[in-house]
1. F36 fails exactly one of the following numbered conditions: (1) at pLDDT 95 or above; (2) farther than 19 Å from G92 by Cα. What is the number of that condition?
2. Among the residues that make up the range 3-17, is at least one of them in contact with a strand residue (DSSP E or B) (Cβ under 8 Å, 6 or more places away or on another chain), under 18 Å from D99 (Cα atoms) and basic (K, R)?
3. Taking the stated definitions as given, is V107 at pLDDT 95 or above and either loosely packed, with under 13 Cβ neighbours inside 10 Å or in a helix (DSSP H, G or I) (or both)?
4. When the residues of the range 1-11 are narrowed to those that are part of a loop (DSSP other than H, G, I, E, B) and modelled with pLDDT of 85 or more, which ends up surrounded by the fewest Cβ atoms within 10 Å (Cβ to Cβ)?
5. I'd like to check which strands (runs of 3 or more DSSP E) are fully inside the range 12-103 and have at least 2 residues that are free of Cβ contacts under 8 Å to residues at least 60 places away in the same chain and open to solvent by 50 Å² or more (accessible area, probe 1.4 Å).
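The values are calculated or read from the model by the stated rules, or taken from the named source; none is laboratory data. Keep in mind that what you see is a predicted model, and the values were worked out from it rather than measured. Don't worry about glycine lacking a Cβ; one is built from the backbone with ideal geometry, like all the others, and counts go over all protein chains shown. Heavy atoms of the whole protein, side chains included, go into the accessibility calculation; ligands, DNA and RNA do not. Shrake-Rupley method; radii C 1.70, N 1.55, O 1.52, S 1.80 Å.
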Amino acid sequence: MNRIHHEQVAALLPAGGGDAVTPVTTRWTYDPTEPFAVTVAFATERGRWVEWVFARDLLIDGLTEPTGDGDLRVSPDVDPDLLVLEIFAPAGSAAFTLDREDIEEFVTRTLELVPAGAESTHFDIDRLLSELSAG
């Protein structure tokens, strides 16, 4: 099965409030060999990517209700066309708005590859154990 890649420009919200947002290119990836997770990567000004891996269920649930209590949270925005993605790290936090329709399309494509509830049938535990013991 092929990985799904999707790019979207998100809006980095200013830390202290205000109207000035900064556009940030994001790259979303879903690999059906790791069916429980999605990866979002953020392009930095230096041409590098910073990645966050989190549960696909968190993204799915975040489409309709505030979800997440750890270092990553997803929730609908007051504007129904947007989602809010918040990231919390020891060095600081950031909040982004995302085009809801784009994220819904990405989620739909992941569900076409691996339906919700069928993740365990796509997860290769032997490969994981082999990788862990080789490391």
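1. (1)
2. No, because not a single residue in the range 3-17 is in contact with a strand residue (DSSP E or B) (Cβ under 8 Å, 6 or more places away or on another chain), under 18 Å from D99 (Cα atoms) and basic (K, R).
3. Values: at pLDDT 95 or above: yes; either loosely packed, with under 13 Cβ neighbours inside 10 Å or in a helix (DSSP H, G or I) (or both): yes.
The answer is yes for V107.
4. Let us first name the residues in the range 1-11 that are part of a loop (DSSP other than H, G, I, E, B), namely 1-3.
Next, from what is left, pick out any that are modelled with pLDDT of 85 or more: 2-3.
Details: N2: 8, R3: 12.
For the range 1-11, the residue satisfying everything is N2.
5. 22-30, 49-55, 82-89
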